[in-house]
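Here, each number is a calculation from the coordinates, and none is a lab measurement. What you see is a predicted model, and the numbers here were worked out from it, not measured in a lab. Note that we place each Cβ from the backbone using ideal geometry, even for glycine, and neighbour counts take in every protein chain shown.
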Amino acid sequence: MEILSVVVDKKEAEAIERRRHREALRQERIFNVRERTMGVDTSALDLQSAERSRREKFEDERHQAYAKEMVRNDKLATLASLRHNQDLREMAKELNNFRFQNQRADTRREWDLNDPDAKLKDKPARTSDFDRSLGLSAAQVFDGEDLAAKSRQEVQKTQRNQWAEAQKIEKDFKTQVEEFEKHKFAQQQLENIASFQKMEEEAESQKAAERKALRDFNLQQAEERKQREAERAQQDLQDKLTEIKNNIFGDTLTENPAVAMSAFGSHRVITDRWKGMSPEQVEEIRRIREKQIEEKQTEQTMRKTMERQWDDERIRQAKTSTLMERSSARQRREQQKKLIEENRRLAKEQAAKLNHLDHEVYTNPPTAAYFNQFNTTSR
């Protein structure tokens, strides 16, 4: 019996512990305002986490690939630099070999001036009476002597003759060129003069033809003008005769009353053709005027009567409006008086209610323990 009670107590303790754990989880969910009001989508969070991990992995792989590519490029650049330096050394080596083989100092044109062994290789100046027993240090040439003067003078004479001949040839060629240019210029001038004379002759002949055509045109225009003036004079004379006939035999001088009738109506006339009104027309106008005067007097009498009626109506409406305004003012004063009395009654009732609440209802104010009992459980 004792063993059974221990087992029951253990199960009960586990159940209590499970309930406490669920209650703690429930309180964590309920008291967390963000999760309670917004909610948490765990599947979306898991997807976002997986996406971020995949993106980070992709970024790491890309950075590693860039790093490998940078290392490979650095190696290639290093090899290219080494190859370039090696090529420069080979080119410098080949250049030095070429200079050593093909550009030696003894192959230069001025080597005889810079040869350090020139004195050792020098021969005596006087080859005709050269004494082999005398060494190189013996006095063979003295200051002021010009042993090669004769040969140099011959060479210079020959050179001067060549220069004089070349200058003569050049001068003759220049003279021929100048004469050819002068002849060519003179020929060109003659051709230009002939062309200019031909152009002047053509221009003169064209001007003469134009003057002749202008003279003929002017003569033709003069003849046509004379003919038009004669025709115009004849036409003017004919028009004047026609106008005189029309004035003599026309309706204006014959005083035909029909010519004064206007095309816009029988009551309108043409002023420059009208000869005055007939006695019947004057009598008709006088009769219409008297009728219009009577109609106007009748209209004025009716207008005065209507205005007097409108004035009476406005006075009546003004009196009615004044009475209505007085009645409305009296009603507003009575409503305000009733509203004041009602506000006083409500104020007394509210004061009595507040006194009742303060002295009879709210006699037990809540303590801190009352507020601490809230948010202690999820139920």
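Quote the FRET efficiency, to the nearest 0.05, computed for Ala67 versus Asn114 with a Förster distance R0 of 56 Å and r equal to the Cβ-Cβ distance.
For Ala67 and Asn114, the calculated efficiency is 0.35.
Quick check: net charge around Arg18, other residues with Cβ under 14 Å of its Cβ, Lys/Arg +1 and Asp/Glu -1?
So the environment of Arg18 carries a net charge of +2.
Rounded to whole Å and sorted largest first, list the principal axis extents of the Cα atoms in the range 277-359.
117, 19, 7
How large is the dipole of the range 277-359 about the Cα centre if only Lys and Arg carry +1 and Asp and Glu carry -1, each at its Cβ, rounded to the nearest 20 debye?
That gives a dipole near 820 debye.
State to the nearest 20 debye the size of the charge dipole of the range 17-117 about its Cα centre, where the only charges are +1 on K and R beta carbons and -1 on D and E beta carbons.
That gives the range 17-117 a dipole magnitude of about 1200 debye.
Run down the lysines and flag those whose C-alpha is under 25 Å from the C-alpha of Lys174, throwing out any fewer than 8 positions away in its chain.
Lys182, Lys184
So, in nm, how far is label Leu88 from label Leu323 when the simple model puts each one 7 Å beyond its Cα toward the Cβ?
12.5
What residue among Gln281, Gln292, Thr320 has its Cα farthest toward the positive end of the dipole of the range 277-359, where the charges are +1 on Lys, Arg and -1 on Asp, Glu, each on the Cβ?
Thr320
Lysine pairs in the range 277-359 8 or more apart or on different chains: how many have alpha carbons under 24 angstrom apart?
Lysine pairs, 8 or more places apart or on different chains, close enough: 6.
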